[in-house]
1. Mind listing whichever residues of region 311-336 are out of contact with any strand residue (DSSP E or B) (no Cβ under 6 Å at 6 or more places or on another chain) and assigned to a helix (DSSP H, G or I)?
2. Counting just the residues of region 403-425 that are within 16 Å of the ligand (Cβ to nearest atom) and surrounded by fewer than 20 Cβ atoms within 10 Å (Cβ to Cβ), which one comes out nearest to Glu349 (Cα to Cα)?
3. Mind checking whether some residue in region 220-231 is within 16 Å of the ligand (Cβ to nearest atom), assigned to a helix (DSSP H, G or I) and under 18 Å from the mean Cα position of the chain (by Cα)?
4. Hey, can you tell me all the residues within region 169-205 that are of a type outside the set (Lys, Arg) and under 21 Å from Leu311 (Cβ atoms)?
5. For region 270-311, what are the residues that are closer than 15 Å to Leu114 by Cβ and surrounded by fewer than 23 Cβ atoms within 10 Å (Cβ to Cβ)?
6. What tally of residues in region 342-401 results from selecting those that are closer than 18 Å to Trp19 by Cα, of a type in the set (Asp, Glu) and within 16 Å of the ligand (Cβ to nearest atom)?
7. Among Ala332, Ala303, which is the only one that is among the hydrophobic types (A, V, I, L, M, F, W, C), within 16 Å of the ligand (Cβ to nearest atom) and in contact (Cβ under 8 Å) with a residue 12 or more places away in the chain?
Amino acid sequence: MANIDEYRLDLAKQAYGLWGINPELVSAAEKVEYELQDSFARIEANKAYNQLKVLHAMQEAKYAETDFAASTGYGYNDSGREKLEAIYAAAFGAEAALVRLSISSGTQAIKTALYACLRPGDEMLAAFSKPYDTLDSIIGLDDSDKKDLGSLRDLGVSYAQAELTADGLPDIPAILGKINERTKLVHLQRSRGYMRRKAFTIAELQPVIAAIKARKPEVIVFVDNCYGEFTETQEPLEVGADLIAGSLIKNPGGGLAPCGGYVAGRKDLVEKAHAHLTAPGLGAEVGPTLGYNRNLVQGFYFAPHVVAECLKGMEFAALWFDQHGVKSQPQAKGIRSDIVQLLEFNQAEELIKFCQAIQAASPIDSHFKPVPWAMPGYDSEVIMACGAFVQGSSLELSADGPIKAPYTAYMQGGLVYENVKLAVLLATNDLLHNN
Ligand SMILES: *Cc1c(COP(=O)(O)O)cnc(C)c1O
């Protein structure tokens, strides 16, 4: 078909026209997509690899229709839950995995992993500067430890931190300099969190892990893998990490998991994580799945596909905004190791309009308009957009930003590429034409 390009463009103009998007913007979007051909092809290649890796793991586990059955109460002998844990382990290069509905956030999954490993007198070393904000109260960095809530500090676990280089990269000598006889666990964070640094790729994590292991082989290398799963073809355990953790309302839930978290890695450590989550002696044996096994396993099956949709969406947003005078980070066409895109607007008004456009493009709650609001833990007002099927799911298209300079939006997710593209065009339409 000689005119397939015209056909596609015409359909796109009609469809995006439903939102009043200027047809010139739709043509410009096609050009950006054309420029991203190689980048998209790379994302598709990784997706195909990860998709087949997950399918193979499911077949090896002999997942059966009968495994969808709901367990209740103690949840003893839940074959679907046991096989799902085996599937996660195989796909992530782990000896064992814990995958549980009773974990309701990434923070809880990370906490479970840390408490599994650390004992009084031990020290935890954060290798990439301060970890994700929600860990403050777990480590005991804020005044929560005055309340005797059982932070690591309350329990006698000390904390040390190595800073990144001036370029925002891992500083291996600085990390090694902080390792001492008490260092039990080194914490690495793959995704940027709320820091102004890049997500570290598997290739960047590998030499860090190797150097730590060379200095002190018995140290536990833990990686906060939130937002990282399936963005590349390897996971941190495959380059020497001992334990990883993440959230099922991010990448591995595939948009279908209604909640949950996982911890995966060395068998002895995963066993301790089970003991911490349930109770010593109960371990992995309890945990009713209440009929959600199908959502969890189907979500994991879809996860490589959905992550690829997110990555294409973020590539599109990065190059598009770059060409429209909005600074974006990371730049398009590089190797991504998370599903997050930073956008730096010039004024508060633009950041607000952008987040409102994200909300207006959402499949759910599109008729609500987010406004900046005071939030606990923030020193300025914050605007948040998330019109998601699962509350707070950031594998779904979402954005948020504090209303202070530099007016930065953290945008992530998108179950469907076209939805991200719509949000970007809608934001541009509003910023450029309705000002
Ligand atoms: C999202 C995230 C967390 C915490 O997850 P919650 O589900 O918000 O508790 C921790 N670390 C990183 C890098 C994250 O992206």
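1. Of everything in region 311-336, those that are out of contact with any strand residue (DSSP E or B) (no Cβ under 6 Å at 6 or more places or on another chain) and assigned to a helix (DSSP H, G or I) turn out to be Leu311, Lys312, Gly313, Glu315, Phe316, Leu319, Trp320, Gln323.
2. For region 403-425, the residue satisfying everything is Thr408.
3. No; the residues of region 220-231 include none that is within 16 Å of the ligand (Cβ to nearest atom), assigned to a helix (DSSP H, G or I) and under 18 Å from the mean Cα position of the chain (by Cα).
4. Gln189, Ser191, Gly193, Tyr194, Met195, Ala199, Phe200, Thr201, Ile202, Ala203, Glu204, Leu205
5. Lys272, Ala275, His276
6. 0
7. Ala303
To keep it simple, each residue is scored yes or no on (1) within 21 Å of Ala264 (Cα to Cα); (2) surrounded by fewer than 20 Cβ atoms within 10 Å (Cβ to Cβ).
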{"residue": "Tyr16", "(1), (2)": "no, no"}
{"residue": "Ala41", "(1), (2)": "no, yes"}
{"residue": "Leu55", "(1), (2)": "yes, yes"}
{"residue": "Lys62", "(1), (2)": "yes, yes"}
{"residue": "Asp78", "(1), (2)": "yes, no"}
{"residue": "Glu85", "(1), (2)": "yes, no"}
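The values are calculated or read from the model by the stated rules, or taken from the named source; none is laboratory data. Only a predicted model underlies this, so the values are computations on that prediction, with no experimental measurement involved. Note that each Cβ is placed from the backbone with ideal geometry, even for glycine, and that neighbours are counted across all protein chains shown.
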